[in-house]
Each structure stands twice: as C-alpha cells, then as structure tokens.
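Working notes, beginning with the structure itself.
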Amino acid sequence: MTTTSSDQRPAEDALEFLRSAFETEWREPALGYDGVSAWESEHGVVLPEPYRSLITEITNGSSLGPPEDGGLLPLGWLPPDWPYDRERSPAAPFPLQEAWSWEGEPLADDHHERVADVFNHGSIVLGTEDGPSYWVLVVTGPQRGKVWVVAEVGAYPYQRPEVFGFLEWVRRWHAGDGWWD
C-alpha cells in the first residue's frame, strides 16, 4: 500500500469551499500529512480526496457541520451508539454497489454477518443522523469516495439514484438542501 493518495489533490476552489463550510471556531485540529499517512498505513487504505485534504489541512472533525446531529466525526471515531462492536476494517472491500434494504427480508444463515460487514468494511464513519442512521464515506471498491447512509433497516447511497461524493454531500448540507430532496 502507498501512503500517497492516488486521487488528485482537489482544486483550490474546492478546498476554499471546505474551509468556509467548516468555520474556524468549530474545527478540530487538522491531522497534518504525517498523521493522515500514519492512519492510512495502520489501516491499509488511502483515503479519498477531498476528504483526505480536509482532515490533513483544514479540520479533523467539526461539532458544527454535516451531519447536523453531532457534526463531522474525527477520522476513525465511532458514534457512542454504533451497533457493531467487532473491529472495523476500512481496507476490507465495501460489500455493496447498490442499496440494500434488509428490514423484513427473509433471514439467511449469514444475514447478521453480512449486515455487520456493511457497517464495518470499506468505509469510515462521518457521523450520525437522527438516531441509528450513520453517514459513511466508502474508501474501497467501486463506491470509493461516495457517501452512504447505513441504518438499522438498510444501506443506501446518498443521494439516490445518483451517488454523491464527500464534496457534494458537504455542499448540499451547506446550502440547506435536505438529505433526500
């Protein structure tokens, strides 16, 4: 694994937007290049841009920001009500390419393991929304760089039918657009 992102550094206007969206007084200290590289090496994954540049240069979390229920979590943190205690594996493949509503489906023998994999593989947690719904940024596989919501009833790409990345997720929050408008 390389610790240098294969994604291109975001354009300066995208970084300037992220600086303005996360007001200085609400920012946690950025991790810097060494901190991000160390986390990536430890977890075997390179974070997608522009999230990588945000936590490297601007802020590693913010109590004000998307999601509105608690703000943007620092890299690697989990909400207190995270439903799966097993170890997370950001480098493992994110198991979905399309929405999966598991509520009410017939339970296969591996159902709980498959749901746990959605919660714990191939993503980092950005924050929580209205209780047991969590925003994740996919960091592996075909959905890499896209934002999903994972909840007790299923997992869905944000925003259906087109899946948005981190920058668009922040833009829509900052503009006051509803999550599912």
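Observations on the structure shown:
- Odd one out for residue 39, checked against (1) modelled with pLDDT under 95; (2) surrounded by 12 or more Cβ atoms within 10 Å (Cβ to Cβ): (1)
- Note on segment 112-156: residues that are open to solvent by 10 Å² or more (accessible area, probe 1.4 Å), of a type outside the set (Val, Ile, Thr), within 17 Å of residue 48 (Cβ to Cβ) and touching a strand residue (DSSP E or B) at 6+ places or on another chain (Cβ under 9 Å) total 5.
- Unique residue being in a loop (DSSP other than H, G, I, E, B), farther than 17 Å from residue 167 by Cβ and without any contact (Cβ under 8 Å) to a residue 12 or more places away in the chain when the list is 42, 113, 105, 98: 105
- The listed residues are 69, 81, and the only one of them that is in contact (Cβ under 8 Å) with a residue 60 or more places away in the chain, under 19 Å from residue 124 (Cα atoms) and surrounded by fewer than 20 Cβ atoms within 10 Å (Cβ to Cβ) turns out to be 69.
The values are calculated or read from the model by the stated rules, or taken from the named source; none is laboratory data. Keep in mind that this is a model prediction, so the values were computed, not measured. Every residue, glycine as well, gets a Cβ built from its backbone with ideal geometry; the counts of neighbours run over all protein chains shown. Heavy atoms of the whole protein, side chains included, go into the accessibility calculation; ligands, DNA and RNA do not. Shrake-Rupley method; radii C 1.70, N 1.55, O 1.52, S 1.80 Å.
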